[in-house]
Amino acid sequence: MAKFGPVETQLKSGEILLIREATGDDASDLLSYVEAISGESDNLTFGPGEFDITLEQEAQFLAGLQKQDNSIYLVALLDGTIVGSISFMGGRRARTAHTGEFGVSVLKAHWGKGIGTALMEALLKWCRGTGTIRKVNLRVRPDNTGAIQIYRKLGFKEEGRITRDLYINGVFIDSTIMGYEID
Ligand SMILES: CC(C)(COP(=O)(O)OP(=O)(O)OC[C@H]1O[C@@H](n2cnc3c(N)ncnc32)[C@H](O)[C@@H]1OP(=O)(O)O)[C@@H](O)C(=O)NCCC(=O)NCCS
């Protein structure tokens, strides 16, 4: 059963953005999308070729998420092509089911159009509607000022820092932890 009804938004460019829940049928397109974004910035937890899961595993993962009440994977499409995604993974036990962490990305060719903001607003609206999710967390590189600006704009607060959270090309990189409470 779908947890999230599709939403269409007109971007400032005039393009119509569709945000909907990902299904197992998106597995192939999503793997291509993930491979594309992996080489476009050093702001993600994986680089080119490192997201090595099979089509079948990806399809199972997406289908499985659709059955979970406190996790969701949304995709943003322009003219039927995936240009952005956001995934939120809620805790699997009673003591952690109210909280989870998300990751968001947009294809570089479409940065600055409002797609990242639209994805996060859609996620937060969905989280508020679940009734169970009371805290949304994220990790971001302290130098990812564009992303941090969006998170602050949406009401996320900085909560701390994890040192050596990433190791990229021989360099340790910290993460800033940000959070959003839902009451
Ligand atoms: C972070 C990311 C998801 C933002 O997506 P986006 O669609 O470009 O974001 P938006 O267009 O909604 O918002 C851009 C905001 O950040 C700023 N910004 C950052 N980079 C920008 C750019 N290249 N062009 C224009 N604005 C940019 C703008 O000021 C804008 O703020 P505003 O809404 O007050 O005008 C996207 O840049 C991305 O995928 N980056 C690589 C992966 C990543 O960093 N993910 C987050 C990891 S924690």
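Some points to look at:
- Loop-located trypsin sites (Lys or Arg not before Pro) across the stretch 80-151 with a Cβ neighbour count of 12 or fewer within 10 Å are Arg92, Arg93, Arg95, with loop assigned by DSSP.
- Over the chain, the alpha carbon radius of gyration divided by the compact-protein estimate 2.2 N^0.38 Å works out to 1.00.
- For the chain, excluding the exposed loop sites themselves (chymotrypsin sites (Phe, Trp or Tyr not before Pro), DSSP loop, at most 16 other Cβ atoms within 10 Å), the longest remaining stretch covers 112-183.
- For the stretch 36-79, the residues whose backbone nitrogen is under 12 Å from a point 7 Å from the Cα of Lys3, taken along Cα to Cβ, are 62-74.
- Gyration tensor (alpha-carbon) shape descriptor, the stretch 122-183, a/c threshold 1.5: prolate
- Taking amide H atoms as placed 1.01 Å from N in the peptide plane, the amide H of Ala76 lies under 5 Å from those of Val83, Gly84, Ser85, each 5 or more residues away in sequence or on another chain.
- Computed [θ] at 222 nm, deg cm²/dmol, the chain (DSSP H ≥ 4; -39,500 (n - 2.57); rounded to nearest 500): -8500 deg cm²/dmol
- The GluC sites (Glu not before Pro) of the stretch 23-100 that meet both conditions, a loop assignment by DSSP and at most 12 other Cβ atoms within 10 Å of the site Cβ, are Glu50.
- Using θ = phi - 60° and Karplus 6.51 cos²θ - 1.76 cosθ + 1.60, couplings along the stretch 52-61 (whole Hz; Gly, Pro as x): 9, 10, 7, 4, 5, 5, 5, 4, 5, 4
- Cβ-based net charge around Ile16, under 9 Å, with every Lys or Arg adding one and every Asp or Glu removing one: -3
- Highest-fluctuation residue, Gly103, Gly24, Gly131 considered, GNM on the chain with Cα pairs under 10 Å: Gly131
- Taking Lys and Arg as +1 and Asp and Glu as -1, the other residues whose beta-carbon sits under 9 Å from that of Ile182 total +1.
- Cα shape, the stretch 1-74, gyration tensor, a/c 1.5 rule: oblate
- Lys/Arg +1, Asp/Glu -1 at C-beta; the chain dipole; positive extreme among Gly47, Ile133, Leu11: Ile133
- Counted charge near Arg134, where neighbours are those whose Cβ lies closer than 11 Å (Asp, Glu -1; Lys, Arg +1): 0
- Amide hydrogen neighbours beyond the local backbone of Leu44, cut-off 5 Å, H modeled: none
- Our summary gives the chain a relative contact order of 17 percent, counting only alpha carbon pairs under 8 angstrom and 6 or more residues apart.
A short reminder: the numbers here are calculations on the coordinates, not readings from a lab. Quick caveat, the model's predicted, so the values are computed rather than measured. Every residue, glycine among them, receives a Cβ derived from its backbone with ideal geometry; neighbour counts consider all protein chains shown.
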